[in-house]
1. Got a number for residues in region 150-171 being touching a Pro at 6+ places or on another chain (Cβ under 9 Å) and surrounded by fewer than 19 Cβ atoms within 10 Å (Cβ to Cβ)?
2. Yes or no: region 129-142 includes at least one residue that is assigned to a strand (DSSP E or B), open to solvent by less than 10 Å² (accessible area, probe 1.4 Å), under 20 Å from Y166 (Cα atoms) and touching a Gly at 6+ places or on another chain (Cβ under 6 Å).
3. Quick one: A65 ticks every box in (1) open to solvent by 10 Å² or more (accessible area, probe 1.4 Å); (2) touching a residue at least 24 places away in the same chain (Cβ under 8 Å) except a single one, so which number is it?
4. Being open to solvent by 10 Å² or more (accessible area, probe 1.4 Å), part of a loop (DSSP other than H, G, I, E, B) and either farther than 23 Å from R140 by Cβ or not basic (K, R) (or both) is the filter here; which residues of region 43-54 pass it?
5. Suppose we filter region 89-118 for residues that are part of a strand (DSSP E or B), open to solvent by less than 10 Å² (accessible area, probe 1.4 Å) and small (G, A, S); how many remain?
6. Looking only at region 223-245, which residues are among the small types (G, A, S), assigned to a strand (DSSP E or B) and open to solvent by 10 Å² or more (accessible area, probe 1.4 Å)?
7. Show the residue pairs meeting these rules: Cβ distance below 6 Å; 6+ apart or different chains; first residue within region 181-209 and under 11 Å from M246 (Cα atoms) and in contact (Cβ under 8 Å) with a residue 40 or more places away in the chain; second residue open to solvent by 20 Å² or more (accessible area, probe 1.4 Å) and part of a loop (DSSP other than H, G, I, E, B).
Amino acid sequence: MTMRVLYGAGPEDAARYDTDELRAAFLVEDLFAAGEVRFVYTHVDRLILGGAVPGAEPLAFGSGAEIGTEHLLSAREMGVANLGGAGAIEVDGRRFALANRDVLYIGRGARAITLASDNPARPARFYMNSVPAGADIPHRLIPRAEAKPLDLGEARRSNLRRLAMYIHPEVAPSCLLLMGITDLAEGSVWNTMPPHLHERRMEAYCYFDLAAEDRVVHLMGRPEATRNLIVADGDAVLSPAWSIHMGAGTGPYAFVWGMTGENQAYGDVDPVAVAELR
């Protein structure tokens, strides 16, 4: 297991950053590596992002040495989305089978976590979000069929999409973590339209199911001073509360969204008209 640290930045910093500085502060690359568990600890609301691709041998983690606690989840909760082939997660001896697009909620206090792929030739691809938690909530597997779908956007505006809520008060409760997956309809390219801010929550996107030659142009920053990141398959983007978050892809894609902050009210947002962006 490895963990690196990102310290985040404010809107005044981002306005001055060149491309490399912007990517270093807000883009998480190389999260998924065969046979490894990789974590990134960010000081943006202390979110931890993780990626793991188990092969013939399972991968295990659980120590909290990197963050100063006995176990990684001694005072945290975690959501794990399987973005690859079928696999399984064992939490303190309890096994959960995850198909593609299934999500596992792991409650505070978990000690030993083991990740495995059913078929090493088509490995599971586990994406993790972990945030501080102040309550003990039971572990729960949320299969794709049990997620709550919301159909958003319009085909004529190239932003028709289906948002699926997994870790959410209406589906599976948590302390502070929200997590779901958004798929774009065939022929649509724009996500999260119209854009918005949510001052009381931060968000992270992990883009996946992109072809190797495709990219997403992810827009971020203050509405009056937008910036962009060119994002590849498996890359994650940090979106602080002060930043918009939206993007358009050159081909089909999906993304996992994860949020944490003061509340879990999904509609607690401040919309920004597209015509006001600069």
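The values are calculated or read from the model by the stated rules, or taken from the named source; none is laboratory data. Values in this document were obtained by computation on a predicted structure and should not be read as measured data. Here the Cβ positions follow ideal geometry from the backbone for every residue, glycine too, while neighbour counts run over all protein chains shown. The protein model used for the area step is the full one, side chains on, heavy atoms only, and it has no ligands, DNA or RNA in it. Shrake-Rupley method; radii C 1.70, N 1.55, O 1.52, S 1.80 Å.
1. Adding up the residues that qualify gives 1.
2. Yes.
3. (2)
4. Step one: filter region 43-54 for residues open to solvent by 10 Å² or more (accessible area, probe 1.4 Å), giving 43-46, 53.
Retained after the next criterion (residues that are part of a loop (DSSP other than H, G, I, E, B)): 43-46.
Listed by number, the residues that qualify are H43, V44, D45.
5. 0
6. Applying the first criterion (among the small types (G, A, S)) to region 223-245 yields 225, 232, 234, 236, 239, 241, 243.
Among the residues that remain, those that are also assigned to a strand (DSSP E or B) are: 225, 236, 239.
Scanning region 223-245 gives a single hit, A225.
7. Correct list of pairs: V189/S158; W190/S158; H196/V269.
Let's see how each residue does on (1) without any contact (Cβ under 8 Å) to a residue 40 or more places away in the chain; (2) open to solvent by 70 Å² or more (accessible area, probe 1.4 Å); (3) of a type outside the set (K, R); (4) under 15 Å from W242 (Cα atoms):
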| residue | (1), (2), (3), (4) |
| --- | --- |
| Y7 | yes, yes, yes, no |
| Y17 | no, no, yes, no |
| R23 | no, no, no, no |
| L31 | no, no, yes, no |
| R38 | yes, no, no, no |
